[in-house]
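Any read-out appearing in this document is the output of simple, stated calculations on the displayed coordinates, not a laboratory observation. Here the structure is a predicted model, which means the values were calculated and not measured. All Cβ positions, even for glycine, are placed from backbone atoms using ideal geometry, and neighbour counts span all protein chains on display.
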């Protein structure tokens, strides 16, 4: 097959990996594929050798997708010896993997575990599932004054960012509330959560990926600092969202350094959560840049954000902001809804958002009036796995995001999930949540690593990386027209150096007719 230009590749990708994939495969026989390979392709083994990673540290499966449900069975049905016309035909068997290397070794998949969480979420909750944030009042509203408390009860929304909080509070004002004589009360009790130390995982407490889930999660408990050169030797510092009581250095001097790791030169001081200082300078060469930082006092982030946004909108608060349950007798004033689950999983998988994945995982056990917890969500996921995959080894799940040293899954189990997802009612939603190789999300860097790879634009993938893990899983569109599931996981101290080996697995899968 001739090498396709990028535009043709993307058209092929949309056809093969978007919503039309199932109808394309349905009613047709599978394209002819290459014979099964029992040894690793030489480009893969060479990349492992260069990274000083032994072959036994890798598990990999490349398997063709079967036809969609209802497709014509490409194999003849066996003769029914009983002659019973009502007997069920033998089940269609998944084609043998094209590459099958240590498929049953449990390994830490890092963020690839998000595929389990997002597919379970789609299957159990539905692609249109919405989270709700309800606003209550417990007193009368007269002439713009609420003579009582304003209460926000979270429903576990994974993406209650500043724009949506502003919209929610604007609706409160439309209901006639301008002054709150009582308190703003936040109820985040929809989840039961253990204590969280943001430094515990990797001693990086200010990294947004270490933010803890919350029943009333707001803006991922993170601040975004925007640095804008003003043409007069300084960079103005803008902070989002507004937090009540927070002071931030308003401007910093410019320097002539190269951009590089520009954050270091700012000499940021986050020790006092209410007084953030930048004691250094900012490179003029960087132009306008943003820096997301997890708030140093996460337990009070949402409270300060709600008060800050309320006051910024012109609202007055005579009391304080505090956490408590919804008081008895309080009445719903407005209800805010989240973006749908189908959009949430796109953020989770394309950009590997850990806290959003954990919010979704907890929601598995909080739907209805139940309070979600990690334990109950593990139990629900285990039951779902047994129902869908029978005796196939279940994943060992911690928090559902892959940000864990304990989570485990086999390449065979991940392949079964990908095969199942591609044939289910949510196939398009699941596939389209994955990053397009070399184009967007976490796989965009594949283009820089190998600009001539056949995988660019011809695969949808989820990546995973920890200090001793590198992993990739998803779908590849072969030059033959066959679509494959691809799973590859490395667990080894040198794993991050072996990312090229996984790139070559995907490239090899795409070049199936080469």
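Quick look at the numbers
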| quantity | calculated |
| --- | --- |
| Whole-number percent relative contact order across the chain, with pairs defined as alpha carbons under 8 Å at least 6 apart | 24 percent |
| Size-normalised alpha-carbon gyration radius of the stretch 168-238, reference 2.2 N^0.38 Å | 1.65 |
| Convex hull (Cα only) mean projected area of the stretch 415-464, reported in nm² to one decimal | 3.7 nm² |
| Shape call, the stretch 155-198: gyration tensor on alpha carbons, a/c limit 1.5 | prolate |
| Ordering of 211-222, 364-375 by burial proxy (mean other Cβ atoms within 10 Å per residue, highest first) | 211-222, 364-375 |
| Cβ-based exposure ranking for 431, 113, 305, 173, in which fewest neighbours within 10 Å come first | 173, 431, 305, 113 |
| Kirkwood-Stokes translational diffusion coefficient of the stretch 208-298, alpha-carbon pairs, 25 °C, 0.890 mPa s, µm²/s | 178 µm²/s |
| Relative frequency of Cα-Cα separations exceeding 17 Å in the stretch 96-227, percent | 73 percent |
| Shape box of the stretch 254-299 [Cα atoms, principal axes, largest first, Å] | 37, 17, 14 |
| 164, 504 arranged by Cβ crowding within 10 Å, fewest neighbours leading | 164, 504 |
| Rounded to whole Å, sorted largest first: equivalent-ellipsoid semi-axes of the stretch 188-342, Cα gyration tensor | 33, 19, 14 |
| Rg [Å, one decimal], Dmax [Å, integer] - the stretch 467-514, C-alpha atoms | 11.9, 37 |
| q = 0.11 Å⁻¹, the chain: log10 I(q)/I(0) [Debye, one scatterer per Cα] | -1.01 |
| Gain upon complete extension [residue 274, residue 299; 0.36 nm per residue less C-alpha separation] | 7.7 nm |
